[in-house]
Amino acid sequence: MLNSTASRNRLRGGVILALLLTAFGAAPARAGDLEDAQKLLKAGERQQALEKVNRALSANPKDPQARFLKGLIYTEQGKQSEAIEIFSKLTQDYPNLPEPYNNLAVIYASQGQYDKARAALEQSIRTHPSYATAYENLGDVYAKLASQAYGKALQLDAANTGAQNKLSLVRELVREPGPKPAAVAAAPAKEPAPKEAPKEPAKAAAEKPADNTAEVMKTVDDWAQAWSKKDADAYLGYYAKDFTTPGGEARDAWEQGRRSRIDAPKSIAVGIESAKVTMRNPEQASVSFRQTYKSDKLSTTSRKTLELVKADGRWLIKEEKSGK
Amino acid sequence: MKKRFALLVAALAFISAAAAATPEDRLSAVFEAIEANQLDVALKRVDALITDYPNFRLAHLVRGDLLLARARPLQTFGNVVKTVPQERVEGLREEALARLRAQRQRPGDDRLPRYVLQLHPEQKHALVVDSRRSRLYVYANEAGQPKLIADYYVTLGKNGIDKTREGDQKTPVGVYHVTANLPRNKLTDFYGAGAFPINYPNEWDRRQGRNGHGIWLHGVPSDVYSRPPRASDGCIVLANPDLESLRQRLQIGLTPVIIADEIEWTDRAALEGERAGLAAALEQWRADWQSRDTERYLAHYSPRFATKDQDYAAFAAHKLKVNAGKSWIKVNLSRVAMLRYPAERDVVVVTFEQDYRSSGLSNVMQKRQYWVKEGARWKILYEGAA
């Protein structure tokens, strides 16, 4: 179970485990089951992992490491209420462990219960003031709560007010729970204790669409501005080569029509309000907004949806729908 | 023991004071905590404020900032992402500025608007609106002297002030009064707690060719606590609780509503000086009318004078004819109110009850005159029934 590269910390845990082995006959099998369960979970074999954990728990029902792992498996299986129950119970039994609080918060946040997530994370930090993952998660929860508050302030969809960050689940009980000495035995069963849980790659990925959103929005703003400046060339430059002209008109005819509509008024002012960007995928976006058009001749307000595609690093309009 | 009791009393006093605090006072307390770098206190205060006023959007914006500040440094007040319609954020920022400015720069005791020269005894209050401050000040009539007793944040026209045309979405500037009380159950939710139309366009507006109608004081829809400073179609919009407390002070047909771009402030002595000057002119006009010296009487009228249907010449001819036939005239004025017109140079609206008796006809009427200072002398520009 121990290997030569084990850290001092792990070694110490190992010593305690060795001592415990003599105290609990079932312990070796349990520890083996847990390690197997962890490997299985990592390999995505959740059901098998659960079976192993349950075996470990039948030998030692109070074991925090096993319960924690079970909570993790349930979380990954999407069994949120079961997972919440396990992590909550862990926070009651081991109020000094920050990880169960953190994971509770992750689940609450995924349910949109940011106030509860915030409370759990604040608790997690209170137990371990230097717990970086909880800090990071709490930062995201604050940002999320802020975006909800902004949404209420400005009457917007929450999606519009800020980046959607996914919080980081802690995958292991890093610290030694205080009240139950038996739990110390759990320490060797895991990887060298990282001081900070690694940042989930999913998180970085989740941030990307938000950047695209800004890009798309900028394109739409620029498009409106080119139109407002009566710069027909620039304006038409925002339309993709395969732009679906309204009514299936020939591209040339459509362009000519647009040019004369842009040339005719002395001044044009196009405003974009209440814009909502939906990323269909990283290369395709749909933007719905209220368009205010004001020229010396006409003043109208309409709903508009632009379908945009990314080609050669630029967002271009593929389709333009009005009144939707 | 005694000391403890005193503490308790102090605590109770504090609690009741806090309970009486308006949402704006409480918002101000949030900003005070922010300025004192007590962000936790600020967040608690804003949370409590939102619990009591869940539709106070500005409070939500501040809460958003306080939460976001815990996650990362803020770039600006109302630190929302750029994809959000910026005009909405801007509206809330302006509301915050207007509310805080008004809270922190309340006029001192000796600062009075130059407009309220005189109220008559039955006019219990006068309202004065400052468009730049987005503020409505309520003055009580204390033995003829205006005294500031309340002030409220107000929303005015999208396109600002100086209404001239129907649909220009501007709030008029001038001297008006409330003309009706439209209760909540007669209105859609848009008008909130109620509405009080004012008499725009008044005689002066019509004379300047201004048109449009339907300028009201009213409340806000139930899903908001307040609206941005420039958001109405020209109406003066108050938060519903503010409209409720204003309601009991309004007298239909009596309460003046004076709307200015930026209130001109003066002190009590200067105000009294201006009032006395005009009061003397008014008294001279009355005495000269009574004297039946029509030339002296007509000298009170400006060459630019006009009624609804007469110019100066027609009016003068008519008066000469009427007065010649009288063997005596007695004129008594009572319930005199004098309100200076904002944005005009030395124009004052004077209203009074006129008790006219003569050898021929006698009648009592409510009259309104517009006086203007021409050179050193006050002259009448308009008169008609009020």
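The values are calculated or read from the model by the stated rules, or taken from the named source; none is laboratory data. Please read all numbers here as calculations on a predicted model, not as lab measurements. Cβ atoms come from the backbone with ideal geometry, glycine included; neighbour counts cover every protein chain shown.
Values computed for the structure shown
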quantity: Contacts under 7 angstrom Cβ, first residue in region A:80-94 being surrounded by 14 or more Cβ atoms within 10 Å (Cβ to Cβ), partner among the hydroxyl-bearing types (Ser, Thr, Tyr), 6 or more apart; calculated: A:Glu82/A:Tyr74; A:Ala83/A:Tyr74; A:Ala83/A:Thr75; A:Ile86/A:Tyr74; A:Thr91/A:Tyr101
quantity: Output for region A:115-158, where each listed residue is more than 14 Å from chain B (Cβ to nearest Cβ) and aliphatic (A, V, I, L, M); calculated: A:Ala120, A:Ala132
quantity: Exclusive hit being within 19 Å of the chain's Cα centre (by Cα), modelled with pLDDT of 95 or more and closer than 30 Å to A:Ser288 by Cβ, set B:Asn181, B:Asn159, B:Asn141; calculated: B:Asn159
quantity: Qualifying helices (runs of 4 or more DSSP H) (wholly inside region B:230-345; at least 2 residues being under 30 Å from B:Glu95 (Cβ atoms)); calculated: B:240-247
quantity: Number of positions in region A:57-79 that are among the hydrophobic types (A, V, I, L, M, F, W, C) and over 15 Å from A:Leu41 (Cα atoms); calculated: 2
quantity: Tally, over region A:207-225, of residues that are surrounded by 16 or more Cβ atoms within 10 Å (Cβ to Cβ), at pLDDT below 90 and of a type in the set (Gly, Ala, Ser); calculated: 1
quantity: Some residue of region B:170-177 being more than 14 Å from B:Ile258 (Cα to Cα), touching a strand residue (DSSP E or B) at 6+ places or on another chain (Cβ under 7 Å), at pLDDT 95 or above and more than 14 Å from chain A (Cβ to nearest Cβ); calculated: yes
quantity: Criterion: more than 17 Å from B:Ile161 (Cα to Cα) and surrounded by fewer than 22 Cβ atoms within 10 Å (Cβ to Cβ) - qualifying residue of B:Pro201, B:Pro183; calculated: B:Pro183
quantity: Tally, over region B:26-48, of residues that are part of a helix (DSSP H, G or I) and more than 12 Å from every other protein chain (Cβ to nearest Cβ); calculated: 15
quantity: Residue under evaluation B:Arg227, criteria (1) without any contact (Cβ under 8 Å) to a residue 60 or more places away in the chain; (2) over 17 Å from the mean Cα position of the chain (by Cα), criterion not met; calculated: (1)
quantity: Residue within region B:71-90 that is under 19 Å from A:Asp115 (Cβ atoms) and either within 13 Å of chain A (Cβ to nearest Cβ) or crowded, with 20+ Cβ neighbours inside 10 Å (or both) present; calculated: yes
quantity: Residue within region B:188-195 that is small (Gly, Ala, Ser), farther than 20 Å from B:Ser134 by Cβ and surrounded by fewer than 22 Cβ atoms within 10 Å (Cβ to Cβ) present; calculated: no
